[in-house]
1. Have a look at 207, 218, 177 and report the one farthest towards the positive end of the charge dipole of the range 161-234, computed about the Cα centre with Cβ charges (Lys/Arg +1, Asp/Glu -1).
2. Run the simple label-point estimate for residue 141 and residue 159 please: 7 Å along Cα→C-beta, distance reported in nm.
3. Quote the relative contact order of the range 440-499 in percent (integer), defining contacts as alpha-carbon pairs under 8 Å separated by 6+ residues.
4. Among bridges DSSP assigns within the chain, what percent are antiparallel (round to 5)?
5. Pairs of Cα atoms under 8 Å, at least six residues apart: use those to get the relative contact order of the chain, whole percent.
6. Taking the 0 to 90 degree range and rounding to the nearest ten, how far is the long axis of helix 271-283 tilted relative to the main principal axis of the chain, both from C-alpha atoms?
7. With the dipole of the chain worked out from charges on the C-beta (+1 for Lys and Arg, -1 for Asp and Glu) around the Cα centre, which of 65, 122, 496 lies farthest toward the positive end?
8. Between the DSSP loop rule and a limit of at most 12 other Cβ atoms within 10 Å, which GluC sites (Glu not before Pro) in the range 186-224 are left?
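The numbers here are math on the coordinates, done by the rules we state, and not lab data. Predicted model, so just to flag it, every value in this text is computed and none were measured. Because the Cβ atoms are built from the backbone with ideal geometry, glycine has one as well, and the counts that use them run over all protein chains shown.
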Amino acid sequence: MPRPSGWILPKFSHAFRLGLALTVVSPLSVGIASQAHAFEIFGIRLFGGDEVDRDIIDPVDYAITLDTGDADRALSKSLERTSLLVADEEQPVSGDLGLVIKARDDRDRLIATLYENALYGGIVTVTIDGQDLDSLPPNPTFDRSRPVPVSITVQPGPTFTLGDVRLEGDAARLDPAEFDLVRGDKAGSLTILKAAEAIALQLKEEGRPLTAVTRRDVVADHETQTVDLTIAVEAGPVAPLGAVTVKGARSVDSEFIAYYSRLRPGQTYSPEQLRKAGERLRTLGVFSSVTVNETESLEADGSLPVGIVVSEGKHRYFGIGASYSSVDGGGIEGYWGHRNLFGEAESLRIEGAVRGLGELENVSDVSSLDYTAGITFIKPGAFVPSGTLEASIKGSTLETDFYDAATFTGKVSYAYELSDFDTVSAGVSLAYDSIDDAFGDDNEYLTFGVPIGYIRDTRDNRLNATEGHYGTVTLTPSYDFFGQTFFTSLEGSISAYFGFGEEDRFVLAGRLSAGSLIGGGDLSAIPATRRFFSGGGGSVRGYAFQEITPYSAADEGTGGRSYVTANLEARINVTDTIGIVPFLDIGTVTDNTVPDFNDIKMGAGVGLRYMTPFGPLRLDVAVPLDPYDGGSRYAIYAGIGQSF
C-alpha cells in the first residue's frame, strides 16, 4: 500500500523509535563531480572552473524549488542546508530512478530536520515533473528536453514540547533536568538523543564500562502537541582495567607506550581516562594515529582489557624557510629534528636562522646580521609518566631599536603534571650577555637563574578556545656573577574565554598580564634582555616591537621594571570558515617595581580569521591610539591560531 503524499504523523498518540530518525540525520555520501584543471586550498578555489562530470551514467539534469512555507529564517536556512537536491543542483543524477531515490532521501532528511526542531507534525511534499513522489511507477520516465522540475514544499506545523519524562533501569535515580529534559521545553530529537548519550556517559563514569541505552521511546501526542519520553539504561557492574596491550608499534617501544598512556591494570574504568590516554600519546608527535579500544565484555576476573593501536609517522624531519619585513629586511631559517631518538619518543631539534639580510649596507658587513642557533632535547615520561625533562643550548645576536645583544644560554628544566589541568616546573639556567644599550656599550652579564613555573589550562581548544581559562605564573630568582647582583623576576598571565550563541558563534576573550623585577640595584645592573618592553603582536598591537618603554633623558628606550597589559577581543564567526575579530589592547611599562600607570598606551584594530583543520589563520591590522612622535602608525600581524 503506497504511503500518503507528504508524510504527516497521524493526529493521535504515535510512538516511534527515535533511533530510526537518526538514520536520516547523518549526512549521506553522494557522487562528487570531478573538477579537472582546478586547484583548491583550505576550501578556496585558486583557479579552475566548476566543471560538471559528464561521465555519470545516463545523466539527468534537474531544477529544484524548495518552499519552506511559514518557517522562520533560521529553520528555512537549516532546511536548505539539509537538502542534497539543493546543494547538488548543478550536478546531474544517474538516470530517472536515481532522481527518485535522491528525492526520497531528501524527504527523509527534511523530516529529520523538522524532528530536530521539535516539529513532529510537519508535512514534506515532493513532486517530480508535476507528479507526486509516492504516485510514481517503479521505473519512471521523465521529459529530459529541459532540466526535470523537482518541487519540495514543507509545512513545519506546531512546535512540540516535552510532557512526561521517565528514566528507567539504572538511570531511574538520576534527575532528567540535569540532562536538559524539562517538562514544557522544546522536544527536539537531538536534545533527546544527546540526553540519552549523556545519561549513559554519566553512568559509565561510575566505572561501569558495559553501560548501554536499552530503550528510548518517544510518544508524540498531536492533540496536546507534547512528547512523552522514556529512556532506559542498564549500567552493568563496576569494573577495573585489565591488561593493556599495544599493537602497531615499530621503532617506538611498546612498553613505553603503555607506560606513558598512564593506563594501569587495576585502575577503575573511566571513559575520560581512556580518551585522555589517547590525547597524551598523540601529543608525543611520533604517531600518525592513536586509537584506544575497550572490549565489549569483561574477562572472567571482572576486568576490562584495553588495547592501544598506533600507527607511527616519520620520525625525522627538516625544513627551511624565508621571511621578509619592511622593517627588519629578509631572513632565512632552517631546522632538523628527530622525534624518536632512543625509542621512547625523545625529541631532538637543531635550528638556526639569519635575519636582516635586506638591511646590509655592504655585502661584506655580515656582523650586522641577527643570528640564532640552538639545540633542544626533550624526554617525555622522565622518571614518572607525568614528568618531562628538557635541556637546551641557544645562542643569538639581536639588534633592536634600543639595544644590541649577543646572548648564549644553557637551560635544564623539569615539568610535572599535577593533574589534567595543572603543571608545575622548575629548572636552572646560565646565560652570558654582551649588550650595548642606553647605559653604555660592552656591558657583560653572567646570570644564573632558577625559573619556577605553574600553568593551569582548562581551555577546550588551545588554538581556538571558546571556553575555559589559561593561567601562568613564573618566578625566576637570578644572580649576575659579574655585577654581583641579585634580582628576581615575577610574571603572571590569565586568559579567559566565553562563547555564546549557536555553536559558540560569538566568543569574548580577554587576557591580563603583569610582571615585576625586584632587587638588582640600578636598572643598568639588570641585562636589557631581562627588562620589560611592550608593543607588538604579543602585547599591544599597533605599536612597534618593544616600542612601549620608559625613555632616558636622551630619548633612548631603557626597558622597565614592571608592566601591565590587557587584551580584549570579540571573536565573531560570520560563516563556518570566516570570522572577524575587533580588538583593543592596553599596556604600560614603568621603571618602578610597581606600575604607576602614568603612561598608558592603547592600540585597536580588527582581524580576519580563516578556519582550517589545524587552527585559524590569523591576519590582524592595528593602529596605535596614542602614537609616539616618529613611532609606528599602523601594524599588520599574521599567524596560525588566535592571538591568545
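1. So the residue we want is 207.
2. 5.0
3. 35
4. 90
5. Rounded, it is 6 percent for the chain.
6. Helix 271-283 sits at roughly 50 degrees to that axis.
7. Checking the options against the dipole of the chain, the answer is 122.
8. For GluC sites (Glu not before Pro) across the range 186-224 that sit outside H, G, I, E and B with at most 12 neighbouring Cβ atoms in 10 Å, the list reads 223.
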